[in-house]
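Single-structure report; data block below.
The values are calculated or read from the model by the stated rules, or taken from the named source; none is laboratory data. What you see is a predicted model, and the numbers here were worked out from it, not measured in a lab. Cβ placement follows ideal geometry from the backbone for every residue including glycine, while neighbour counts extend to all protein chains displayed. Areas reflect the complete protein model, heavy atoms only, side chains present, ligands, DNA and RNA absent. Shrake-Rupley method; radii C 1.70, N 1.55, O 1.52, S 1.80 Å.
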Amino acid sequence: MAVDLLLGLQWGDEGKGKIVDVLTKDYNIIARFQGGPNAGHTLEFDGIKHVLHTIPSGIFHKDALNIVGNGVVIDPVIFKRELDQLEKFNLDIKNILYISRKAHLILPTHRLLDAASEASKGKAKIGSTLKGIGPTYMDKTGRNGIRVGDLELDNWKDKYRALANKHVAMIDFYAAEIEYDLDELETEFFASLKVLKSLTFIDSEEFIYQAQKDGKTILAEGAQGSLLDIDFGTYPFVTSSNTTAAGACTGLGVAPNQIGEVYGIFKAYTTRVGSGPFPTELFDEDGETMGRVGNEFGATTGRPRRCGWLDLVALKYAVQINGVTQLMMMKGDVLSGFKKLKICTAYKYKGETITHLPYNIEEHNVSPIYTEIGGWQEDLTKMTDASQLPKGLNDYVDFLEKELEVPIKIVSVGPDRTQTIHR
Ligand code: IMP
């Protein structure tokens, strides 16, 4: 059985959690392959809202097995908090959530380093979620990191101490005014590690290989979005992992020829949280409406998200990089009520009109060129079938499908599991 992928195609927050939750019934295994608790995957059902950070979004389906892959970075403190919140559901966690021994650990000092690094950058800061993601991946590629499997060894605490001491010296080097009590942070960290150690650790690449052979269906769940990819995103305003399709191969140990469907998720408009270029960003009433109606606040940090029209140039790039085979358009309901909608179909770049993403998409370099299309006024949130969708929305979707050359199979019309229209 091939492994299917689910990826965000913009700057994250596209609604991946909801779609994984909707799709889970078709899969035996849901596996996260990159990122860490910088993600906030929101799921809503039965009138309750859940936000998951590290735990895969299949956790609420009793028949699904969830895997945290080797490409993920885990903060045991946040992980424990997530588990605490799941307690009321009486889940058999040890048997439905497995963790790769090769996943790296976020240490308390990684979080402090993130804060010190950001503080030292002043106006050039990335707008990181400050969860320690960048410093942890730096230690991974620098070959200094501590992995989940190390916890099964005797001497890992020596390695921890040496690394934490080095981090403290680095924090001093930044000379940023970061106040912290390492003893307190470590007490919390080691207490949380006990909980992590009570879970099931696996060699996930081997496990997934065998599961494939046994005919199990597997969905790889991405975090963040393609434009935050460390290689292909708007560097340096990106996260520190490969959020694109190739990241699923390295983050789970799945061979490229084993990838099946690539589901690409995008919002009907665009949002971004944190710093960095955003060509279609709006600073007017339209942007304010998108933010208010779409409740655009970061699921992890609560920060208001920047909003703007759909950027088809960037979306095409993401579809291309990932080899997307099916698209899913989220938050269609948020665009109800606009008389006219704008879609960025090209950029003005150094006096020329271009339709690809150039090296630098900062404001002084590119400006969006829009195609205008009529809107729709109907409230979509109670609609359950494609036949009920208004003409304006169908025209919008048809236009995008034609441009992207990939079918849009799902239109989401609200946060709940049930507000999902299949086309
Ligand atoms: P970091 O990955 O926390 O260091 O953040 C780097 C950049 O990616 C910042 O602009 C964050 O706002 C953004 N980012 C990280 N994770 C997410 C996410 O899950 N959704 C949206 N933006 C994110």
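A few notes on this one:
- Search result, residues across region 291-314 that are aliphatic (A, V, I, L, M), open to solvent by less than 10 Å² (accessible area, probe 1.4 Å) and within 16 Å of the ligand (Cβ to nearest atom): ALA314
- Qualifying residues in region 44-54 (those that are surrounded by fewer than 22 Cβ atoms within 10 Å (Cβ to Cβ) and among the aliphatic types (A, V, I, L, M)) - the one farthest from PHE89 (Cα to Cα): VAL51
- Residue check for ILE265: touching a residue at least 12 places away in the same chain (Cβ under 8 Å), more than 16 Å from the ligand (Cβ to nearest atom) and in contact with a Leu (Cβ under 7 Å, 6 or more places away or on another chain): no
- Boolean, LEU219 is open to solvent by less than 30 Å² (accessible area, probe 1.4 Å), away from the ligand (no atom under 16 Å from the Cβ) and closer than 24 Å to LEU5 by Cα: yes
- Taken over region 186-214, the criterion of being in a loop (DSSP other than H, G, I, E, B) and closer than 13 Å to ASN28 by Cα is satisfied by ASP214 alone.
- Enumeration of residues in region 83-133 that are open to solvent by 60 Å² or more (accessible area, probe 1.4 Å), of a type outside the set (Lys, Arg) and within 11 Å of the ligand (Cβ to nearest atom): LEU130
- Only residues that are within 16 Å of LEU400 (Cα to Cα), open to solvent by 70 Å² or more (accessible area, probe 1.4 Å) and outside any loop (DSSP other than H, G, I, E, B) were counted in region 338-369, giving 1.
- Residue ID - nearest to PHE278 (Cα to Cα), chosen from residues in region 1-59 that are away from the ligand (no atom under 16 Å from the Cβ) and assigned to a loop (DSSP other than H, G, I, E, B): GLY58
- Residue list for region 180-211, restricted to those being more than 28 Å from ALA164 (Cβ to Cβ) and open to solvent by less than 20 Å² (accessible area, probe 1.4 Å): ILE208, ALA211
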